[in-house]
Amino acid sequence: MSDDTTATMFANRQSTYGGPEVLEWTRVPRPEPGPGQILVAVRAAGVNPTDWKHRAQGVFLNRLPLVLGWDVSGVVEQVGYGVTLFKPGEEVLGMLPYPHGVGSHAEFALGPARAFTHKPSEVDHVQAGALPLAALTAHQALVDTARVSSGQRVLVHAAAGGVGHLGVQIAKAHGAHVIGTASAPKHDFLRQLGADEVVDYRDVDFAQVVEEVDVVLDPVSGDTRARSLNLLRPGGVLVSLLPGQDPDEAAKVEKLGVRAETLLVEADHEGMRSIAELVERGALRAHVEATFPMDQAAKAHALGEKGHTTGKIVLVAENT
């Protein structure tokens, strides 16, 4: 994709907010690693809902021009002063610090060394590139925040989505009984991932058919968050990925004796190591619905915004 120069690289850059068409594959300055940083030659990078939301509205990143992307799987190109974990030529995966460390939808990505871990040899770069942000989100919600444990009942909403389908696997890996909500055509997929029960949210009210649970993973929020609180056992935990909208939630939470948390994913070396260990054990794998060449990010965004993706969409470098 690039010429012989090391001063620049190609990246999916936008100079304005708007639809997928604002993404332009263009030459930009190539970053240099500073102390504690590594520069990674990107082989694959997942596309997440937060990417197209930031592309359209800026959200946390009110700065332009902007190169999106937080997922990274690739090969270490350079290391900065003081880095001891990685050497040039090693394969790594990780999530750039969210939200401000963005920039992986490019030929090279720069980030703190401890935002990465070594890529498991059991998977290729496409699989590894699909994992970081969504898997870290699920891990931090279920393991770090809810402290899911064996025998607990876990309800995962949007269970066939990017975060949801990885959350199902992470909860199962910790011994939980997992209930997933999804449209009926995706139920077999969820059962293959290990879901013990599946609920067609289009056909039935999940709040009427799901019995008491210990943990709820909620990527949807809104009314789903509010109704899910009533399903929690005393001491249970609901973790949403979007803020709540019920002004009476605090009083309801106190009355029910439960917790309601809103999670914003963070770069996490130990979390990435835990995810890599699950991959190595064969307990975690991303479902990749579609791949696109790195220079076709606009097409990947257009597909993702339709809202029907099962699992993940991944951008792939030319030499992968």
(1) farther than 16 Å from ALA300 by Cβ; (2) without any contact (Cβ under 8 Å) to a residue 40 or more places away in the chain; (3) acidic (Asp, Glu): which one isn't true of GLU32, the others all being true? (2)
Quick one: in segment 56-79, which of the residues that are in contact with a Pro (Cβ under 6 Å, 6 or more places away or on another chain) and crowded, with 22+ Cβ neighbours inside 10 Å is farthest from LEU23 (Cα to Cα)? VAL76
Residues of segment 304-319 being crowded, with 18+ Cβ neighbours inside 10 Å and not basic (Lys, Arg), in sequence order, are GLY304, THR309, THR310, GLY311, ILE313, VAL314, LEU315, VAL316, ALA317
Going by the conditions given, is ALA283 surrounded by fewer than 19 Cβ atoms within 10 Å (Cβ to Cβ), touching a strand residue (DSSP E or B) at 6+ places or on another chain (Cβ under 6 Å) and within 21 Å of LYS186 (Cα to Cα)? no
Going by what's in this entry, would ASP144 be described as farther than 25 Å from GLY34 by Cα, assigned by TED's automatic domain parsing to the domain that holds GLN37 and either not in a strand (DSSP E or B) or not basic (Lys, Arg) (or both)? no
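Sort through GLY58, GLY89, GLY103 and tell me the only one that's over 19 Å from VAL163 (Cβ atoms), out of contact with any helix residue (DSSP H, G or I) (no Cβ under 9 Å at 6 or more places or on another chain) and touching a residue at least 60 places away in the same chain (Cβ under 8 Å). Write out each step before concluding.
Values: GLY58 fails: touching a residue at least 60 places away in the same chain (Cβ under 8 Å); GLY89 fails: touching a residue at least 60 places away in the same chain (Cβ under 8 Å).
Answer to the check: GLY103.
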Here, strands (runs of 3 or more DSSP E) confined to segment 1-98 with at least 2 residues that are under 21 Å from THR137 (Cβ atoms) and modelled with pLDDT of 95 or more are 37-47, 71-79, 91-95
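Test GLY82 against the stated conditions and say whether it is more than 20 Å from the chain's Cα centre (by Cα) and surrounded by fewer than 21 Cβ atoms within 10 Å (Cβ to Cβ). Explain how you work it out, then say what you get.
Working: more than 20 Å from the chain's Cα centre (by Cα): yes; surrounded by fewer than 21 Cβ atoms within 10 Å (Cβ to Cβ): yes.
Considered against the rule, which asks whether it is more than 20 Å from the chain's Cα centre (by Cα) and surrounded by fewer than 21 Cβ atoms within 10 Å (Cβ to Cβ), GLY82 comes out as yes.
Would you call THR50 more than 21 Å from ALA115 (Cα to Cα) and among the hydroxyl-bearing types (Ser, Thr, Tyr)? Let's see the steps before the verdict.
Numbers: more than 21 Å from ALA115 (Cα to Cα): no; among the hydroxyl-bearing types (Ser, Thr, Tyr): yes.
The answer is no for THR50.
Just to be sure I understand, how many residues within segment 184-208 are part of a loop (DSSP other than H, G, I, E, B) and in contact with a His (Cβ under 9 Å, 6 or more places away or on another chain)?
So in segment 184-208, the residues part of a loop (DSSP other than H, G, I, E, B) come out as 194-196, 201-205.
Next, only the ones that are in contact with a His (Cβ under 9 Å, 6 or more places away or on another chain) stay: 195-196, 201.
Qualifying residue count for the region: 3.
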For ALA160, which of the numbered conditions (1) under 17 Å from the mean Cα position of the chain (by Cα); (2) closer than 27 Å to ALA250 by Cα fails to hold? (2)
Among the residues of segment 161-181, the number that are touching a helix residue (DSSP H, G or I) at 6+ places or on another chain (Cβ under 6 Å) and not in a helix (DSSP H, G or I) is 3
What's the total number of residues in segment 107-125 that are among the hydrophobic types (A, V, I, L, M, F, W, C) and more than 18 Å from the chain's Cα centre (by Cα)? 3
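The values are calculated or read from the model by the stated rules, or taken from the named source; none is laboratory data. Because the structure is a prediction, the values reported are computed rather than measured. Every residue, glycine among them, receives a Cβ derived from its backbone with ideal geometry; neighbour counts consider all protein chains shown.
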